[in-house]
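What follows is one structure encoded as C-alpha cells, with my remarks underneath.
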Amino acid sequence: MTRSMRMKLCVVVLAVCLISAYTMKTLLSRDDPSAKKAETSFLSLENALKSYLDQYIPHNTEIEEHLSAMEALIGAYQIYIKDNPDHIEARRQLVDMFILTQQYDQAEIQWAEIIKYEPDNDALLNECGIFYSDHVYDPLKAASLFQKAIDVNPDIADYHANLGLIYFVGRHAVAKHFKWSLREIFTQMLMEYDAARKLDPKNFLHSRDFAQNFIMADTFGVTYDRKQAIQAWKDCLQCALTPEQFAYVYIQIARILLQTNEMEQARLYLQKALEYDRNNDTAEQLLKQLHKN
C-alpha cells in the first residue's frame, strides 16, 4: 500500500471513528457542570475535525495541502486531553490524526495512555495490536496485544485471525522470542486461523485464510498435507459465497489435484468453477493445459 493510499485509508478510518464513537460521552454525568462543559468542548472539537474531513475527502487531495489545519486540530485535541486525560475517545481520534500525519511516535504515546486507562478493553487492545502490525512494525508487541484481547474475549474471530497473521509475517521474531521452531509457529498459526473460522463459520475470508496456510507449509518446514488442504477448501463451500468465490475455491482444489496428477478430478472441479464464473480466465487456462496433456 502506497503512502498516499495509507493516508487516505486513515482519513476514512478517522471519519468512521467520528460516526461510530465510543460510549465515553454517556459516562459523563449530565448533572455535573464541569462534565457538561467538557462534553460541549469535545463536541466542538469533533465538529471541527468533521469539517476538516468534509473538505479533504470529497476533493481527494493530498494531506500536505491541509497540514497546517490538521496541526491546529492536533494542538486543540492535546489541550483538551491535558484537561481530560481519561477521555478515551479524544485520545483515539488523536491517534488517527498522528497516523495521518505520520507522527507514529506520538501515536504510540497516545496508545500507551489509552491502554493504561482501558487495560481490559479487548477492542482497544486489538486496535493497538493492528497499530503495531501495520504502522510501527513490532510483531512481538502486536502478538502480545492480540493475545491479551483474546484473553479478555476469546469469542471474536478477528482477534484470532490477527494473531495468526502476525505469527506468519513476524515468524522469525516470534521464533526467537518464544524459542519456538518454525514448525511450532505453523501449528500455533493454524490453531488461531482455525479458531477464527469456527467462531465465524459463514465468513469466507477466515475459512480461506485457514486453507491457504497449507500452501505455505514448506516455508515452515512442514510437510504439505494435500488431503487436509483439500478438506479445508471444501469447508469453504459452507460459507456464504458469491459465484466468483465459489469458482475461486473450486480452482484451488483443482490446483492441488493437479499436483497429485489426479487429472480427471481436477477437470471436474475446473468445470464447476466455470459453471459459477463462465469467463474465469484461470479456470479456462488450466483446462486448456489439461487438454494438451
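Bear in mind that the values in this text are calculations on the coordinates, not laboratory data. None of the values given here were measured: they were computed from a predicted structure. Every residue, glycine among them, receives a Cβ derived from its backbone with ideal geometry; neighbour counts consider all protein chains shown.
Ranking Y276, Y250 by Cβ neighbours within 10 Å, fewest first, what do you get?
Ordered by Cβ neighbours within 10 Å, fewest first: Y276, Y250.
Over all directions, how big on average is the projection of the convex hull of the alpha-carbon atoms in region 138-276, in square nanometres?
The number I arrive at for region 138-276 is 8.4 nm².
For region 84-188, what number results from the quotient of the Cα radius of gyration and 2.2 N^0.38 Å?
1.11
What nm value, rounded to one decimal, do you get for the distance between I109 and T187 when each label is placed 7 Å out toward the C-beta?
Between I109 and T187, the simple spin-label model gives 4.4 nm.
Using every Cα-Cα pair within region 154-235, state what percent have a distance larger than 20 Å.
The proportion of pairs with Cα distances above 20 Å equals 29 percent.
Counting each pair of different Cα atoms once, what's the Kirkwood radius of region 105-165 in Å, rounded to one decimal?
Computed over region 105-165, the radius equals 11.2 Å.
So how do 222-230, 121-129 stack up, highest first, on mean other-Cβ count within 10 Å?
Put in order of decreasing packing, that is 121-129, 222-230.
Report the semi-axes of the equivalent ellipsoid for region 78-126 in whole Å, largest first, where each axis is √(5λ) for an eigenvalue λ of the Cα gyration tensor.
Equivalent ellipsoid semi-axes, largest first: 16, 14, 8 Å.
If we count other beta carbons within 10 Å of each Cβ, what is the order of Y167, Y137, fewest first?
Y137, Y167
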